[in-house]
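Student: My questions will all concern the structure given below.
The values are calculated or read from the model by the stated rules, or taken from the named source; none is laboratory data. Just so it is clear, the model here is predicted, and its values are computed rather than measured. Here the Cβ positions follow ideal geometry from the backbone for every residue, glycine too, while neighbour counts run over all protein chains shown. Heavy atoms of the whole protein, side chains included, go into the accessibility calculation; ligands, DNA and RNA do not. Shrake-Rupley method; radii C 1.70, N 1.55, O 1.52, S 1.80 Å.
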Amino acid sequence: MSDVIEWEARTKTIKQLIKELQSFENQELVVMVTNDEGKTFNSVKLVSKGFEDDKAYKSEKVYCALHI
């Protein structure tokens, strides 16, 4: 059995994320992120793309990053 919480092990595509965000009735909400189970939050400041050539990410398909 893994120590990783099931939802933490999942990944989302850009398409899946957009679909989920579009389900919010209020589209003016600020997008916030957390990496400590909701103890602290940071707002998304920038979205970037183009990491496929970065050697640090060669084994992973990282094409989009949310900057906080």
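Student: Counting only residues that are modelled with pLDDT under 90, surrounded by 11 or more Cβ atoms within 10 Å (Cβ to Cβ) and among the polar types (S, T, N, Q), how many does the range 1-33 have?
Tutor: Residues that pass the stated criteria total 1.
Student: What is the residue count in the range 34-43 for residues that are on the phi < 0 side of the Ramachandran plot and either in contact with a Gly (Cβ under 6 Å, 6 or more places away or on another chain) or open to solvent by 90 Å² or more (accessible area, probe 1.4 Å) (or both)? Reasoning before the result, please.
Tutor: The first filter runs over the range 34-43 and keeps only residues on the phi < 0 side of the Ramachandran plot, leaving 34-36, 39-43.
Filter once more, so that each one left must be either in contact with a Gly (Cβ under 6 Å, 6 or more places away or on another chain) or open to solvent by 90 Å² or more (accessible area, probe 1.4 Å) (or both): 35, 39, 41.
The number of residues fulfilling the criteria is 3.
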